[in-house]
Each structure stands twice: as C-alpha cells, then as structure tokens.
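Report on the structure given below.
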Amino acid sequence: MANFMQDSVVKYACSCGILNPISRLFFCRHCPNLRCGFCVCHEVDSHFCSNCLENIPSSEVRHKKNCCASCFDCPCCQNTLSPRATSVIVPKKVEESDSAKGESSKVITKKMYYLSCLACRWTSRDVGIPDQVVATGAWPENECAYQTRFNALSEYYQAVVQQDKQEKQEYLRRKAPRSHKFPSLTDRTGLTVSIIRRQMGWSDKNTQKAKPVNIAASQQFDDVGELPEAIFTENINLRNITSIKQRHNQPSEQPFDISKLYPQRRCMWIKRSLRCRQCEHNVIKPEYHPTSIKYRIQLFASYHVPDVLLVKCEQLLQPGQLNAVILKLSNPTMHDMVIKIADLPSLADNQSGKMTEDFKRLCSIKDTSLSASNAMDSLKSLTGSSSLTGPSSLSGSSLIRHSFIYEEPRAVKQVVNSKLLPLDKAFTLNLRDDSKEFDEETQTQTEEPKFIVWRKANKVLLRLNFIPHSDLKNFDDVYLGFNMLYTYVNTVTITPEKKEPTTHDLNCRVYIKVVQISK
C-alpha cells in the first residue's frame, strides 16, 4: 500500500519479467497474461486540440506541424491565450461625391481583437502584434531566421532517402527470380516492355533516378566573438530575462528578452490504443470523440487480477526471527476465485535462464494436441512449484500458443531476502458485489482457515508468516515474494464451438517491500 505520489510497495511481475504496480499493468484475455507498457504496441487513433476539442485527421496534422490553427499558448506561463475585444476609432472612408460637396471626414468605432493571458496578464500588444478584425484571425507568427536553411536541408535529405529507396528496389528487382517460366527473348533488351508501357500511356520504366541537389555545406567558425562590456557593467533585471523553459518552448529563436516572446500554437493531443504484442488483440481502445472519457475496451489488470495490499507488519523486523504481515486481497471480477500462495522459483533457476527458455518454448507451441500432463510439468518448471494442480482443464489455458512471442522474457532482478512459510491450503475469494459494501454485519464462516483474519464481501485479510535472512543489517529493506495461483473465468469465446466461459489456472508473481530491519 502506498500514498499518493509515492512508489508502490506491492509490485507484480509482468510476463516479460519487469516489475510494476497493478495500476500500470494490463491483462490480455485472449492469451491470459499480464502485460506492461513494453509488452503492448502503442497506436495513435486520433488527434485533437485540448482547448477547442477539434478532431483533426492525421494528414492535416502533419501539414500543420502537429499544432492547432486557432489556439495559442502564452509564451510566459504556457497557459491558453484568450481573444479579447476592444473598440478602436478609425476614420471613415469618404467618397468622391461627398468630398466634392465639402463634407468633413467622419470617424467610426470598429471592434478589434487581441490575445491576452488570464493568468499572467501577458498580451499580444506587448511584442507589437497588431490587432485583428476577427477573433479567430490569422495571427502573425515570428519567422525563424534559419527557416530557409532548414527547408533546404529537409529537401536534400528527402532526395537522399528517395535515391536510396530506388537503388534498393533496383537491387531487389535484379536479384529476385523471374515470375514467368519461359521469358521472352526480346525482354532481355527491355524493348518490348518499354513499347507496351508507352502504348498504355504510362511513363517509361527507365526513368531518371532522383539525385539530391547539392547544397552549401555548413561552415565552422572558430572566432565566435567577445561578449559586450555592458554585460559586466550594467545591472541585470531578472524580470526582463527569459527562463530556460520559456527558451525551450521557442527552440528556433530562444530569445533572451521577454519582449521578444511570441505566442506559440498549441500542440495537438492524441488518443491512443494499446495492442498486445503476442496475440495482436486490443487491451485498451478509447472512444473516438475527444469529449468522451470512456473506453470501448479497457482491460486493466486491476479489473481481472486480485489486488494485493500491504496492511501492516505485526512486529519489528529482526534478522532470522519469525514475523508476519497482514495482506488485504480483493476480487475485482464477477466470479469466485480460488487462490493459493506458493513459493517463488529458486534463484539458481531464475539466473540460469531455465525459466526463460521454458517460457519461450511454451509460447512457440502450435500443436493444440498438447497433453495436460506435459503442460502441467512445463508449468511446474516455470514456477518452481509443485502445487499447480487444479480442477480446471488446460484446454483453454495460455500454454497453447498460436503465435510466437515478440518480447524476450527476462529474469526478475528483484532479490527476495526473506523466506516465506507457504499456506497449507487454498482459500476462496468471493465475487464482487457492490450491494454487500453497505452490509453492516461481517461475514462469518464455520470452517475458515486459520490464516484468514477477516472477511467481508470480496475482500479478505490474511496473515503470511516469513523469516528475514540472518545476514541482514540494520536499516536494510526486507523484500517478500510469492506466487499467487488463482482461477480466472474468461468470458471471451475464442471459437464458435466454445460458447460457455472458460476457467483458467493462472499464476502471477508478487513482490512486497515490507519494512526495514530495526535492531
């Protein structure tokens, strides 16, 4: 359990071996496994402006350099600028007939707009930007002095990339085998293909290759000039000097004075979807509209995996002495879970890579006729525990893979410096029922295991006994780890024949940072 802005003391091991709190993990229901941010593919669904909430296509976003055309940020405090209206007196245009009659010129009041920051009171008038006739007018931007050079370099490197692409395609065309069996003799000279392409109105195949245009090379100057003497003699007013953040927001100019700060166009935001790297199914899919905060698919691990919280440690930790921690487990699903706490695999098996090789071998299995006994033996070698037996079948388990794994599994680097005394038997964690949260009476069962301290609705408190290593010193952190075996009811129907939910025996490794040694 951790407070806000603090690191979580309870972490889960992802399928790739990286430790994360449950709030940063995802759960793939198609290949039931935990997925972290490195085990999923990030895809951009839509671009939108966070101020005006305008949804813009990707092609237009690239054309506008990932910036909104109508919203601006304050260059001083980075808040959103708002258009403000003002009245300006301008002379009225006098027609020639009126001027011939000798009528005097008249003045009229015209409405003009300027940009203003409601946080720091910065306005566009401070840098000399003229007022506009409309609120969403084309506000002038500060042109970069090196824009011409940037454009020339961009065109040059685009031509270089195009030339490399053409050379690679030409090389592959020469090395690739011919598609037809009996090539024509006239095709060896290329005359037949060239004539046919011209008759069809296509361009000749032997077109001129793209060559990059030579540009002037950048020159290096050793003499950069000396600083003016006014810097050492005159007093500096820090209110007129830009900060590092303000200069980084305008990388093209990086002004030194606040009077040279210009409003910046607001950057676009994105909505992204996450896809499992192994089975290529979506684990996160948001709604398309920018104003919607809902998800079409939300497979967060906290909705499918039992949540483990550290409540307290019963006594002060002493090296080599028996102690106990109180853990709170919650069932977030709508089905009962059978949970059992087992030991972690040995450190020798973890470091030798045996678990990694077994996991890669199991993920590459394509034969669905794998027997349950062989699968159970392989899973025992993965976890190092012999208590992985359960009533559920392994026909729909994650052991049978139809695709290879893309991410190389890693061994968990976290060292556990305490010995766990595993529980003697499994226990049932009730399903989630929101109506039971308001019950005042605590659930009581006649045959409750001794290690269960308290139970209510889908929550349970249990006591885990452990012994810290005897070689620990004062103020050393004590880490406790265990395998949590639980049953998961998958409601996703993978095949048309299986229309009923499938029960899986899953396993996740949990690591807890208890407290420090106090002698």
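Say R0 is 35 Å: what FRET efficiency, to the nearest 0.05, do Q220 and R121 get from their beta-carbon distance? Display every interim value, and only then the final one.
Details: r = 44 Å, r/R0 = 1.25.
E between Q220 and R121, to the nearest 0.05, is 0.20.
Using only the heavy atoms of the protein chains and a 1.4 Å probe, how would D434, D73 rank by accessible area, largest first?
Reading off the accessible areas and sorting them downward yields D434, D73.
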- Item | Summed side-chain charge close to T487 - residues other than T487 whose Cβ falls under 12 Å, Lys, Arg +1, Asp, Glu -1 | -1
- Reduced to Cα centres, the span from segment 263-321 to segment 466-488 in Å works out to 26
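Going by average Cβ density within 10 Å per residue, which order do the peptides 295-308, 20-33 take, highest to lowest? Walk me through the intermediate numbers first.
Values: 295-308: 17.8, 20-33: 19.8.
The packing order, highest mean first, is 20-33, 295-308.
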- Query: Taking one equal scatterer on every alpha-carbon of segment 228-345, how large is log10 of I(q)/I(0) by Debye at q = 0.11, 0.13, 0.19 1/Å?
  - Reply: -0.78, -0.83, -1.16
- Message: So, taking all protein chains as they sit and a 1.4 Å probe, how much accessible area belongs to T291, in Å² rounded to tens?
- Response: 80
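Could you order the peptides 59-65, 334-340 from most to least packed, using the average number of other C-beta atoms within 10 Å per residue? List each step's numbers first, then the result.
Details: 59-65: 11.3, 334-340: 16.9.
Highest-to-lowest ranking by the protection proxy: 334-340, 59-65.
In terms of solvent-accessible area of protein heavy atoms at a 1.4 angstrom probe, what is the ranking of Y146, Y488, Y113, highest value first?
On the way: Y146 140, Y488 10, Y113 50 Å².
Putting Y146, Y488, Y113 in descending order of accessible area: Y146, Y113, Y488.
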- Quick one: Karplus J couplings for segment 324-341, per residue in order, coefficients 6.51, -1.76, 1.60, θ = phi - 60°, nearest Hz, x for Gly and Pro? 8, 10, 9, 10, 10, 10, 10, 9, x, 8, 9, 9, 5, 10, 9, 10, 9, 9
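Using a 1.4 angstrom probe with every protein chain in place, what is the largest-first accessible-area order of K285, K513, K425?
Of K285, K513, K425, the descending order of accessible area is K425, K513, K285.
Just list whichever of K294/K456; K271/K456; K11/K425; K11/K473; K328/K413; K450/K513 have alpha carbons separated by over 28 Å in the model shown. Can you show the working numbers first?
Working: K294/K456 30 Å; K271/K456 39 Å; K11/K425 24 Å; K11/K473 24 Å; K328/K413 25 Å; K450/K513 24 Å.
Among K294/K456; K271/K456; K11/K425; K11/K473; K328/K413; K450/K513, the Cα-Cα distance tops 28 Å for K294/K456; K271/K456.
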- Query: Which of the peptides 475-483, 41-49, 237-245 is most tightly packed, and how do the rest follow, going by the mean number of other Cβ atoms within 10 Å of each residue?
  - Reply: 475-483, 41-49, 237-245
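The values are calculated or read from the model by the stated rules, or taken from the named source; none is laboratory data. Just so you know, these numbers come straight off a predicted model, no measurement behind them. Neighbour counts are summed over all protein chains in view; Cβ atoms, including those assigned to glycine, are modelled from backbone coordinates with ideal geometry. Accessible surface areas use protein heavy atoms only, side chains included; no ligands, DNA or RNA. Shrake-Rupley method; radii C 1.70, N 1.55, O 1.52, S 1.80 Å.
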